[in-house]
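A short write-up of the structure that comes next.
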Amino acid sequence: MLIKRPDDILPSEITPRELFERRREFIKAAGAFALAAGLPPLALAREAFPSLQKGAHSTLEPPNSLRDITTYNNFVEFGFGGKSQPAERAGAMRTHPWTVSIEGLVHKPRTLAIEDILKIAPLEERIYRLRCVEGWSMVIPWVGFPLAALIKQVEPLGSAKYVEFITQTEPAAMPGLRLPYIDFPYTEGLRLDEALHPLTIMAVGLYGDVLPNQNGAPLRLVVPWKYGFKSGKSIVKIRFTDKPPRTSWNIAQPDEYGFYANVNPEVSHPRWSQEKERRIGEFFKRKTLPFNGYADLVAPLYAGMDLRKNY
Amino acid sequence: MQPTPPQLAVLKAALFAACLWPLAQLGWLAWKDGLGANPIEFITRHLGTWTLNFLLITLAVTPLRHLSGWHWLIRLRRMLGLYVFFYALLHFLTYLWLDQFFDWMSIVKDIAKRPFITAGFTAFLLLIPLAVTSNAAMLKRLGGRRWTQLHRSVYAIAIIGVVHYWWLVKKDITLPLLYAVLLGILLGFRALRLARERQRQLRAAIYENG
Ligand code: HEM
């Protein structure tokens, strides 16, 4: 439950060898977990991405355990009823074959197979904070590549101002689709400059291995300075538009979930104060940082905007 | 069916122990590291759920008594009511201590600004006088009529409790709705009986005068 590690070792001081062994341990743990959860152990027990580049902008904070990251999820296609539902149910989702259609206001619309997407850019490890709108946070070692590299492939038109991300719908595997609470397919969106920002990645794995289904396999968005719901999972379509896309949570409860949804301790949500957060695995709450601690990198994107209005 | 006094004593002891089950469950899960990635949230929700469960169980005593004719059931009601307060107190303490860690500024803000917390807190405050006046000495001091009037606030507490739940869920209202329906049945039963009683009295009055 708690991450025990001597405080006097800075993560930057750990040698690659130790890191490697630590990862082996995690993978063993993942295998044990998969067995316990009745999942095919092979899905998790192999190390899919053995040679990863260390990506830019990784935090030095200790990552959460694989168990926490893969058992405490919001993935409403698999139910609105509890954080353990995605881990229990997402195994039924088919992630092979998988194609992503990239369309809209672009010069070269394309449909790419996941295998080709994996080759677009070198895969990197990016250890990012993730802050959920519900007031908790984690540190997650993603494997991915900058979304900008994918966008370059399709050459957006000058009129493209926004990017829409659409999640898979597989009714047989996703009981949540039948519930009337939000509009499916799950749709999220970014401004084009947000999508092109070097912090924004498409993730295909975590902890050096393929993404578990409950975390959005095989391809998901990660926008670390925004609340987690902005980072669409299991993406099948990316569309370039000239108008802000209508996003699922925003349609469902516009006063609670804005289009921007930048992490902001000063703008509280009707049900959750956003001033503090509980890092999963820690007892005391910690102060939430503007833009989830990435302000130096992303605040300029919003220069001159009233972030209270554009929440 | 009418239990003898020793039988009733055994029944009470068994019920007392059974009502500790939800708490024991937490202890067991904590011991096995089974509270999940966010143990504080788990504990808060578990205790909140059981507060509401005991509230509905307590409110079920009177209808059950009337339907079954087992009038001795009323002898179990005080204990059940005190368990409502017990779990509400634990739920509130979890919030104060584990969740907020006595950050009074933030707690006051929460109670004032977050509607679901306002509702929960109101329900909790209203429970206090009921718990304090639950014993026989207080019943005597207040007098049966005033005591009954005071304890009718439990209906309001239950409604506020369900509202608290309704307001805190993100989107899936299935469970709050279920509690609302159950509470509606329990309160509806009383309303129906009251209406019948009124009618009967009215008819009796007409008969006497006519
Ligand atoms: C009679 C009084 C109360 C009842 C019946 C009650 C009932 C509940 C119920 C049923 C839940 C939901 C459990 C679940 O999601 O499974 C809950 C959650 C919660 N309650 Fe209460 N509650 C009461 C008083 C309070 C008070 C006084 C506070 C704090 C001031 C409070 C704070 C909370 C919090 C923080 C949650 C968890 C919300 C979340 O995890 O998102 N409740 N309560």
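The values are calculated or read from the model by the stated rules, or taken from the named source; none is laboratory data. As the structure is a prediction and not an experimental result, all values here were calculated from the model. Quick reminder, even Gly has a Cβ in these numbers, built from the backbone with ideal geometry, and neighbours come from all protein chains shown. The protein model used for the area step is the full one, side chains on, heavy atoms only, and it has no ligands, DNA or RNA in it. Shrake-Rupley method; radii C 1.70, N 1.55, O 1.52, S 1.80 Å.
One line per residue, one yes/no per condition, for (1) away from the ligand (no atom under 16 Å from the Cβ); (2) open to solvent by 30 Å² or more (accessible area, probe 1.4 Å); (3) assigned to a loop (DSSP other than H, G, I, E, B):
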{"residue": "B:Q2", "(1), (2), (3)": "yes, yes, yes"}
{"residue": "B:V10", "(1), (2), (3)": "yes, yes, no"}
{"residue": "B:Q25", "(1), (2), (3)": "no, yes, no"}
{"residue": "B:W28", "(1), (2), (3)": "yes, yes, no"}
{"residue": "B:L47", "(1), (2), (3)": "no, no, no"}
Original post:
In the range A:64-88, which residues are open to solvent by less than 30 Å² (accessible area, probe 1.4 Å), facing another protein chain (nearest Cβ under 8 Å) and within 11 Å of A:N215 (Cα to Cα)?
Top reply: A:Y72
Original post:
Is the range B:89-105 home to any residue that is away from the ligand (no atom under 13 Å from the Cβ), surrounded by 13 or more Cβ atoms within 10 Å (Cβ to Cβ) and more than 14 Å from every other protein chain (Cβ to nearest Cβ)?
Top reply: no
Original post:
Looking at the range B:30-45, which of the residues that are touching a Leu at 6+ places or on another chain (Cβ under 8 Å) and facing another protein chain (nearest Cβ under 9 Å) is farthest from the ligand (Cβ to nearest atom)?
Top reply: B:L35
Original post:
Across the range A:95-110, what is the number of residues that are surrounded by 12 or more Cβ atoms within 10 Å (Cβ to Cβ) and not hydrophobic (A, V, I, L, M, F, W, C)?
Top reply: 7
**OP:** Considering every residue within the range B:71-85, establish whether at least one is in contact with a Leu (Cβ under 7 Å, 6 or more places away or on another chain), free of Cβ contacts under 8 Å to residues at least 40 places away in the same chain and closer than 25 Å to B:V181 by Cβ.
**Re:** yes
Subject >> Condition met for B:I57 (open to solvent by 20 Å² or more (accessible area, probe 1.4 Å), more than 22 Å from A:G82 (Cβ to Cβ) and in contact with a helix residue (DSSP H, G or I) (Cβ under 8 Å, 6 or more places away or on another chain)) >> reply: yes
**OP:** Scan B:L178, B:L186, B:L182 and give me the residue that is among the hydrophobic types (A, V, I, L, M, F, W, C) and either free of Cβ contacts under 8 Å to residues at least 60 places away in the same chain or in contact with a strand residue (DSSP E or B) (Cβ under 7 Å, 6 or more places away or on another chain) (or both).
**Re:** B:L178
Subject >> Residues that are among the small types (G, A, S) and surrounded by 19 or more Cβ atoms within 10 Å (Cβ to Cβ), drawn from the range A:129-172 >> reply: A:G135, A:S137, A:G144, A:A160
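Would you confirm whether any residue within the range B:141-149 is on the phi > 0 side of the Ramachandran plot and either out of contact with any helix residue (DSSP H, G or I) (no Cβ under 6 Å at 6 or more places or on another chain) or of a type in the set (K, R) (or both)?
Here is the first cut: in the range B:141-149, the ones on the phi > 0 side of the Ramachandran plot are B:143.
Cutting the leftovers down to either out of contact with any helix residue (DSSP H, G or I) (no Cβ under 6 Å at 6 or more places or on another chain) or of a type in the set (K, R) (or both) gives us B:143.
Checking the range B:141-149: at least one residue is on the phi > 0 side of the Ramachandran plot and either out of contact with any helix residue (DSSP H, G or I) (no Cβ under 6 Å at 6 or more places or on another chain) or of a type in the set (K, R) (or both).
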Original post:
Taking the range B:49-80 only, how many residues are assigned to a helix (DSSP H, G or I), more than 11 Å from the chain's Cα centre (by Cα) and among the small types (G, A, S)?
Top reply: 1
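Considering every residue within the range B:55-78, establish whether at least one is more than 14 Å from chain A (Cβ to nearest Cβ), closer than 21 Å to B:Q25 by Cβ, within 11 Å of the ligand (Cβ to nearest atom) and not aliphatic (A, V, I, L, M). Spell out how you get there, then give the answer.
To start, the set of residues in the range B:55-78 that are more than 14 Å from chain A (Cβ to nearest Cβ) comprises B:55-78.
Of the ones still in play, those that are also closer than 21 Å to B:Q25 by Cβ are B:55-58.
Filter again for within 11 Å of the ligand (Cβ to nearest atom), leaving B:55-56.
Keeping just the survivors that are not aliphatic (A, V, I, L, M) gives none.
Looking for residues that are more than 14 Å from chain A (Cβ to nearest Cβ), closer than 21 Å to B:Q25 by Cβ, within 11 Å of the ligand (Cβ to nearest atom) and not aliphatic (A, V, I, L, M), one finds none in the range B:55-78, hence no.
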